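Down below is the structure, laid out as structure tokens.
Bear in mind that the values in this text are calculations on the coordinates, not laboratory data. Everything quoted here is computed from the prediction, not taken from an experiment. Backbone-built Cβ (ideal geometry, glycine too); neighbour counts: all protein chains shown.
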Amino acid sequence: VVLGAAGEGIRLTLPPNALSAPAVIYASTDPINHPIRISFASLSDGLSNAPTGQLLIPGSLVEIVPTVGGRPFTGNLGSPATLSIPYRDAGGDGLLDGVSPPLPAASLRIFTLDTAVGRWVALPTTVDRAARRASATTPHFSVFAMFATSGIGTSLSGIRAYPVPWKVGSGGRFDAAGIVFDTLPLEGGIRLFNLAGDSVRELS
């Protein structure tokens, strides 16, 4: 099932035994203005309580409601379904387009809203940077949204560089193609020195 333009919309994949009987699936990619089953109060409560440290990705909110025998199916599925949500990164730089502060695609996670407690629950999520999609498996249907954590710092206090030590070709946990400088401010520079104290590289 594709919600939106072919090849570009939200995708829903169900295994053959997901539902116990023939079903009709309703979906809304704008549950704020066009909800299917969720109340405005429940959704507003959820949106005002984003997961700690997470920012909602605009356009990723979706409500999915299957019906069996004309009634909403609210139980767990026979087997988990897969929900795939696209994101925008036209430049391929690994940062989401149209959001501020900049958010790294690698930090994307899909959450489902537990309306009983008004809390978002993280789902096992994988990010396909080539396809510009995040996908997650879910044992039931509800309201879903994509969130991400910012990799941009506001000061120098949270900067991390890893792996430390960096052991190229070791095959262990310190092996990597390069060193990652994480949680940097938007502006500034990095100077690299060798053990003799000579400046060998400057990155802006």
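Annotations for the structure displayed:
- For Arg119, the residues whose amide H sits under 5 Å from its own are Asp114, ignoring neighbours fewer than 5 places away on the same chain, with H placed 1.01 Å from N.
- Shape parameters for region 82-179, alpha-carbon atoms, Rg then Dmax in Å: 16.5, 50
- Computed P(r) (all Cα pairs; the chain; 10 Å bins; percent): 8, 28, 30, 17, 11, 5, 1, 0
- Per-residue packing, averaged as other Cβ atoms within 10 Å, sorts the ranges 193-201, 42-50 into the order 42-50, 193-201, beginning with the highest.
- Fully extended contour minus Cα-Cα distance, from Thr137 to Phe181, at 0.36 nm per residue: 12.7 nm
- Stretchable slack from Thr52 to Val164, in nm (0.36 nm times residue separation minus alpha-carbon distance): 37.6 nm
- Farthest toward the positive end of the dipole of region 74-173, out of Pro163, Ile110, Ile85, is the Cα of Pro163, where the dipole comes from beta carbon charges about the Cα centre.
- Set of region 40-66 residues, backbone N closer than 17 Å to the point 7 Å along the Cα-Cβ line of Asp89: 55-58, 60
- Summed over qualifying helices (DSSP H, 4 residues or more, each -39500 (n - 2.57)) and divided by its residue number, the chain shows a 222 nm mean residue ellipticity of -1000 deg cm²/dmol.
- Alpha-carbon centroid distance for the pair region 155-191 / region 71-142, whole angstrom: 27
- What the phi angles of region 32-40 give under the Karplus curve with 6.51, -1.76 and 1.60, with θ = phi - 60°, is a coupling list of 5, 9, 9, x, 9, 10, 5, 7, 4 Hz, glycine and proline written as x.
- Cβ-derived FRET efficiency at R0 22 Å, Ala116 paired with Ala23, nearest 0.05: 0.45
- Using equal-weight Cα scatterers in the Debye expression, the normalised intensity of region 149-204 in log10 at q = 0.16, 0.22, 0.27 Å⁻¹ is -0.62, -1.00, -1.11.
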